[in-house]
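Below is one structure, written out as structure tokens; the observations come after it.
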Amino acid sequence: MEPKPVQKPGIPILMGGSVDAVLKRSAEEADGWVAGSRGTPETFHEAWQKVQAYARAAGKDPATLESGKLLYIDVGEDRVLCRDNLRAFTHAYYGPLYDVDATGVFGSPKECAAKIQDFIDAGAKSIVLAPTGLDVGQLTRLAKEVIPTLR
């Protein structure tokens, strides 16, 4: 990729996408890969395994690659309300076919932490949490009740 960064060793360049061509470029040309908001921990794990295999085939140490996952989240005690908030947000952005139940993170802090942990266990080294609104309470719950429980 050009131009090369001025800094040494350079800022990390991560690529996102789910098709094999992107997974291959992420392994060969970038410093890692970030999965979009769709997909389950299982599909994330499968794609991450492909990225690592492409890296090995290119003579790169897969351990040096970053792996990330974007997760839309709505955390609160009313699971139905959280799901509705997440559905309204994602359907407005992606359309009505976005499967909130399969890919969204919603519910109590404990439920949200468990879903996030599933992606960490599947190989995600970095998690990008995208709350569905600008509610300060949402951010406070994330900071105090969800994030500290993750390993």
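Here is how the numbers come out for the structure above:
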quantity	calculated
Candidates Leu86, Leu129, Leu97: whichever shows maximal mean-square fluctuation once the chain is modelled as a Gaussian network with Cα springs under 10 Å	Leu97
The chain: relative contact order in percent, alpha carbon pairs under 8 Å with at least 6 residues between	22 percent
Length gained when the stretch Ala63-Glu28 is fully extended (0.36 nm per residue, less Cα-Cα span)	11.3 nm
Mean Cβ count within 10 Å, highest first, over the residues of peptides 132-141, 30-39	30-39, 132-141
Dipole of the chain [Lys/Arg +1, Asp/Glu -1 at C-beta], most positive-end residue of Val100, Leu71, Pro9	Pro9
Share of carbon and sulfur in the accessible heavy-atom surface of the chain [1.4 Å probe, %]	58 percent
Average accessible area per residue (Å²) across segment 78-151 - probe 1.4 Å, nucleic acids and ligands excluded	57 Å²
Structure-derived Cα Rg over 2.2 N^0.38 Å - corresponding label in (1) 1.51; (2) 1.62; (3) 1.12	(3)
Surface accessible to a 1.4 Å probe, per residue, for the residues of segment 15-70, Å²	48 Å²
Highest-MSF residue in the chain out of Tyr54, Tyr93, Tyr72 [GNM, Cα springs under 10 Å]	Tyr93
Expected 222 nm ellipticity per residue - DSSP helices of 4 or more, -39500 (n - 2.57), all of the chain, to 500	-13000 deg cm²/dmol
About the Cα centre, charge dipole magnitude for segment 1-41 (Lys/Arg +1, Asp/Glu -1 at Cβ), debye	80 debye
For segment 69-151: lysine pairs under 15 Å (alpha-carbon distance), excluding those fewer than 8 apart on one chain	4
Loop-located GluC sites (Glu not before Pro) in segment 65-129 whose Cβ has at most 16 other Cβ within 10 Å (DSSP)	Glu77
Selected from Pro12, Pro41, Pro109 as most flexible by GNM, with the chain as the system and alpha-carbon contacts under 10 Å	Pro12
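The values are calculated or read from the model by the stated rules, or taken from the named source; none is laboratory data. Note that the structure is predicted; figures quoted are calculated from it, not measured. Every residue, glycine among them, receives a Cβ derived from its backbone with ideal geometry; neighbour counts consider all protein chains shown. Accessible surface areas use protein heavy atoms only, side chains included; no ligands, DNA or RNA. Shrake-Rupley method; radii C 1.70, N 1.55, O 1.52, S 1.80 Å.
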